[in-house]
Amino acid sequence: MTTPDAQRWLRRVDSNPEARLRCFCLPYAGGSARIFQSWSQHLPASVDLCALELPGHGARLTEPPLKNLDELLGAIAQVIQPLCDRPFVLFGHSMGALISFELARYCRRHSLPTPVHLYVSGHRAPHLPDPEPPVHTLPDDAFREKLMRLQGTAPAVLANDEFMALLLPVLRADFTLCETYTYATEPPLPCPITAFGGTRDPSTQRGRLRAWRSQTQAKFTQHVLPGNHFFIHAAEASLLHQLNLSLTVLSNILQIDK
């Protein structure tokens, strides 16, 4: 059973108390748990999908967003621990991939249950430098132009001054979190890592996706799907197909081991 506070953080469309495996999903900058709303329909019935709603995002838009990664990791770890009574995996896209990776390491450092698999999407390997200049300090007009080039925010939304007045602080906080991130060397994770990238996504080109291999002691798999940085939407069916296959195998292994 989740606490009232956890209910603010977690969105579970079809809670499955009999699930053999839980999948915690983390969104990209400015994104919400709503991104993953339909995913449970396409994943194995043995998987309980739990989407994270971060402060300042989605249904929590009126709350101040967190810019400090350590503070965010501590809060997420506290929220998910009651649900780590069975094996779990982490999935994150872009900012969510970075948070998922560091959450796995945070859990290991604090002797908490750790994921049995890490799925990272739309983000270069964390030990590689960001090839793009920081944008979180740009003036509003330049910041909006950058968002338009990323093609992750609808033009109608970017043109709506009233809505952008609410959204810009959240996006700035998310970009601040990502762009002020400093990688610290630790041993590779013991769990397998599967990395997803887009054919036209600069953040995962030129070996930046393959470099995730060095972050695991176990098996590494990569999938390159058609689309730009937001292939998570454009190629959603392909991504969910690969995720379904992987989770089915993992769930079957857990059933055998049970």
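The values are calculated or read from the model by the stated rules, or taken from the named source; none is laboratory data. Predicted model only: the values in this text are computed from it and were never measured. All Cβ positions, even for glycine, are placed from backbone atoms using ideal geometry, and neighbour counts span all protein chains on display. Surface accessibility is based on the protein's heavy atoms, side chains included, excluding ligands, DNA and RNA. Shrake-Rupley method; radii C 1.70, N 1.55, O 1.52, S 1.80 Å.
Below are the figures for this structure:
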| read-out | value |
| --- | --- |
| Qualifying residue in region 79-99 (condition: of a type in the set (A, V, I, L, M), surrounded by fewer than 18 Cβ atoms within 10 Å (Cβ to Cβ) and in contact with a helix residue (DSSP H, G or I) (Cβ under 8 Å, 6 or more places away or on another chain)) | no |
| Of residues in region 118-143 being of a type in the set (A, V, I, L, M) and assigned to a strand (DSSP E or B), the one nearest to I193 (Cα to Cα) | L118 |
| Test: residue in region 61-82 that is within 22 Å of L254 (Cβ to Cβ) and over 17 Å from the mean Cα position of the chain (by Cα) | yes |
| Selection within region 225-258 - part of a helix (DSSP H, G or I), in contact with a helix residue (DSSP H, G or I) (Cβ under 9 Å, 6 or more places away or on another chain), modelled with pLDDT of 95 or more and open to solvent by 30 Å² or more (accessible area, probe 1.4 Å) | E236, A237, S238, H241, N244 |
| Search result, residues across region 171-209 that are aromatic (F, W, Y) and open to solvent by 50 Å² or more (accessible area, probe 1.4 Å) | Y183 |
| I253, sole failed condition from (1) within 16 Å of G122 (Cβ to Cβ); (2) without any contact (Cβ under 8 Å) to a residue 12 or more places away in the chain; (3) over 16 Å from the mean Cα position of the chain (by Cα) | (1) |
| Condition met for D161 (on the phi < 0 side of the Ramachandran plot and crowded, with 20+ Cβ neighbours inside 10 Å) | no |
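Residue by residue, here is whether (1) in contact (Cβ under 8 Å) with a residue 24 or more places away in the chain; (2) open to solvent by 10 Å² or more (accessible area, probe 1.4 Å); (3) in contact with a strand residue (DSSP E or B) (Cβ under 8 Å, 6 or more places away or on another chain) holds:
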position: R11; (1), (2), (3): yes, yes, yes
position: N16; (1), (2), (3): yes, yes, yes
position: P27; (1), (2), (3): yes, no, yes
position: G30; (1), (2), (3): yes, yes, no
position: I35; (1), (2), (3): yes, yes, yes
position: H42; (1), (2), (3): yes, yes, no
position: C50; (1), (2), (3): yes, no, yes
position: P65; (1), (2), (3): yes, yes, no
